[in-house]
Amino acid sequence: MATVEELEAQVARFIEERERWLEEQARLTEELETLRSRCQKLARAASRPEPQRCDVSVQTEGDAAVGSTASACMAQPRGGTFGEDSEAGGGRLPAVLEQMLRSPEDEEVQFKGIEALFSQQTQVDNTSGAAANAPTLQASLEAAVAVFSNHPLNRALLLKACQLLSVLLAEPSAQHQLPLAVLWNAAQAVVSVSVQLLADASIGVADGVSTTRVGKAPAPTKLLTWFLSLLALLFPCLGAQLSLQAQSEQFMQDLLQNIVSKMLVFTEWAQEEALTLKCVQLLPLLPMEPWVQKACLNLGAVHALSLTYLRWKRGAGGVAKPDMEAALPKAIQVAVRGVFTDNLELCVKAVDDIFVSDEFVCLEVLDQLRGMERRRRGTFRDLDKDHGIIGKALLLWNFHQRAALEAPDPATSLAREVLHKVAELLRAVILKLPSHVLLQRMKEFETAEVFQRLCLAAIHANAQLRLQIAVNYVDNGAASAIIGFLQALLQNFEGDAPPAVAAVEAAIQLLADEQLPAGGWPYVQYCLDVCLHILSHWSALSMQKADVLDAKAAPLLLAQGGLVDVLAEILDPKAAGVDLREKPPQQVANQATETLQALFEQNGHICLFCMQHYTEVKQIVSLACDSLSMDPLTDYPEMQQQAVTQLIDAFERFSVHDERLGRRILKALTVLFESSYRLVFWFLQNHPLGALGEYQSTDVHSEAVRAVARAPYWSAEDAPLLPQFVGLLAAMLLDSIKGLGEDGTAKPSPGSKRRTLDLTEAEEVVSACMTSVLHLLLIDPSPPTVLRVLAQHLALHGEAVAATPSVATQSNEDGGDADGSDERAVNAVMRVMQVFPSSDRVQMNCQHLLTSLLGE
């Protein structure tokens, strides 16, 4: 069973709860009666005609002006307002009001007078036209205001005075009839008493004293509720006065620092949601001049609003997305939004450091920044130029990125919403920046992974911006900026992903934005797309291929910037000497191939350079072959020779395992040889058959010789070269069968180190040589020069092949007798026919050649 002490404690608790409920009932009943009386008075006033009023709408703002205006109004005839005393006195004020004005420090007089004035003002049957008498209304307001300065400690009297003021100001058009100075004095008095009340209550709570009612005095919460309601009636009338910093700065400081901030931060007051709501709703009524907005921030009002929101959110269950349509959070949102509306300086200051960790304030500020461009064009450029918004937004991203990834449920956290807003703001700023400024910012924030990705995504999605970058690629430094980030992207794929990059990708994936992919490969493709646009634009405007000395040519700038290195790593990472943890997607590889092909097509020097430095990258060799097939570098003989050398090496390296690439290399060699007789001559002179290795092919020699047969004529410029050229063909014809017997079997000379061709290879070379020789006979510019030189060289080399050096020596000593040369030449051709008895094409060509030799 419960002890007596426990029962007594329960009884005491029940009595305390009963008193608390009775107090609440009395308060609600009093408010209900007040509201009922107000509604009845408003209905009565609406049903009667508008009376004559004292027009004091145009006034000065000083105290002297207030006195003169009041005197003028007092001199006018007054109608009765508060009974017979007013009617009998004519121009006099009601007796109760005059008594209050004569004895402002007498609490009993003031209490009875206010009760009388309040009672008569709230009477439903009061049809004497109280609202029509502006001087009486002004005097009543002044008497009630005097209570605040003369009796600041009498809470009951303060409550009555506040209720009377609320009723007076609720009169139709009363606020327009009263002088502004009177209303301003009323607001100052209310604020002063509220500050003192909050200070006293805070001390009492600190000493362990409750803020509830003491005796018959009303509770501080009730008083503050009425004070805030009265200020809410006064502020709309004082907009012009509150906008003047010189006259209202101290008032704003008391209001914001000593009332709003304290009430919202102080836990004892914050538990009263109705009081908190009235306090929050007071801020939007202030004129949001820049200095007022700054005061709200500097004096702690915004901090207090943020704490109030967090406290309400915890009370709502701590859900990530609570009901923002509730009265209190909606009022807080309106108040915070008003503080930052159209104020760039405050918005930037908030996201820079002050509220960087406050998701609620950050979301409101970012919304304000995002919408300012629609209200004033050029805002985003000002944000970048004057406020450095990009750097500040990136700091905000870094903080909330960590917060979102560490949240229990990142997908529903407010930090994710902040990241989304930051990405939207940065994307909007990026699109408004000139192309050269954008690329400059990319260089400045080259280590900011998320900013680089946002820039590339914006460039990819905006055709106009991409065109501007491509057109002004020289002035804006697009090549170095794009290639720099391209290199950084590929470095992220080498080995394990850096933690910072992995965190950025996780945050971007959390946003689920289609325009902002999470992986790195799409941005590689975006970079390549920009490079391709630069090349295409330059190619469209350029009348000729890139000059190797033109430092502004797009292909040269891109190559110097390292584009080829990047493309090689994408196309064949292993051959390029890098180890990527992921294979590039096919779309990226195709884009890289297209970019490299465009680069090679515009500059043969780059093509040749890449072949020399990336000998193991098959795609580069293949694209170089295609480029040389289209442009054989006819104006650059030395480059042609270098290209032939590189293609020969590539053919020996890849043709065995990749027949398709081998055919491409031969095709490029064919085009090169067909473009220049001198190139064929250089090749045959520097690459004789005798220098072939054991496993080297003769395909290149065959293609070089066949190219001669496709020439339509022999130009006069190349005529001096013709005798030596014919001699090389004759030497090659007979060298191909050197070491072969009459039956086609290999019979190398003892001690010979040269390679003996097999029968098939020799047949290809012989057939190509015979065809070219016959063709030269037909296009001989000065016949029979070709035939005579051919006979001499066949005779000379024929003896060497037949291993009869004495005959050759004798022939040379005799000066090359024509008849002897023809005979030896015929013998050389007959020897060729003996080696290939079953080859129809060789036999037929030899017969044609014999006919020419014997016909001579």
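The values are calculated or read from the model by the stated rules, or taken from the named source; none is laboratory data. This structure is a prediction, so every number in the text was calculated from the model and none was measured. Virtual Cβ from ideal backbone geometry, glycine too; neighbours counted across all protein chains shown. Side chains are part of the model used for accessible areas, which takes the heavy atoms of the whole protein and leaves out ligands, DNA and RNA. Shrake-Rupley method; radii C 1.70, N 1.55, O 1.52, S 1.80 Å.
Tabulated results
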| item | result |
| --- | --- |
| Whichever residue in the stretch 176-209 is modelled with pLDDT of 85 or more and of a type in the set (S, T, N, Q) and, among such residues, is surrounded by the most Cβ atoms within 10 Å (Cβ to Cβ) | 194 |
| Within the stretch 230-260, tally of residues that are among the polar types (S, T, N, Q) and in contact with a helix residue (DSSP H, G or I) (Cβ under 6 Å, 6 or more places away or on another chain) | 4 |
| Qualifying residue in the stretch 750-760 (condition: open to solvent by less than 60 Å² (accessible area, probe 1.4 Å), at pLDDT below 85 and touching a strand residue (DSSP E or B) at 6+ places or on another chain (Cβ under 8 Å)) | yes |
| Leading residue by the ranking (surrounded by the most Cβ atoms within 10 Å (Cβ to Cβ)) among those in the stretch 675-696 that are at pLDDT 85 or above and not in a helix (DSSP H, G or I) | 676 |
| Cβ-Cβ under 6 Å pairs, at least 6 apart or on other chains, the stretch 183-201 side assigned to a helix (DSSP H, G or I), far side β-branched (Val, Ile, Thr) | 185/145; 186/145; 189/145; 194/259; 201/211 |
| Residue satisfying condition, being without any contact (Cβ under 8 Å) to a residue 60 or more places away in the chain and basic (Lys, Arg), within set 574, 552 | 574 |
| Hey, residue 638 in a loop (DSSP other than H, G, I, E, B), of a type outside the set (Gly, Ala, Ser) and open to solvent by 80 Å² or more (accessible area, probe 1.4 Å) or not | no |
| Number of positions in the stretch 571-628 that are farther than 15 Å from residue 559 by Cβ, in a helix (DSSP H, G or I) and open to solvent by 10 Å² or more (accessible area, probe 1.4 Å) | 16 |
| Residue check, residue 378 surrounded by fewer than 21 Cβ atoms within 10 Å (Cβ to Cβ), among the small types (Gly, Ala, Ser) and within 30 Å of residue 472 (Cβ to Cβ) | yes |
| Residues of the stretch 404-445 satisfying the condition of being without any contact (Cβ under 8 Å) to a residue 24 or more places away in the chain and among the aliphatic types (A, V, I, L, M) | 407 |
| Residue match in the stretch 474-491 (condition: surrounded by fewer than 18 Cβ atoms within 10 Å (Cβ to Cβ), in contact with a Gly (Cβ under 9 Å, 6 or more places away or on another chain) and not in a helix (DSSP H, G or I)) | no |
| Any hit, the stretch 162-175, residues being touching a Pro at 6+ places or on another chain (Cβ under 6 Å), modelled with pLDDT of 80 or more and surrounded by 19 or more Cβ atoms within 10 Å (Cβ to Cβ) | no |
| Residue match in the stretch 505-513 (condition: in a helix (DSSP H, G or I), over 16 Å from residue 535 (Cα atoms), open to solvent by less than 10 Å² (accessible area, probe 1.4 Å) and small (Gly, Ala, Ser)) | yes |
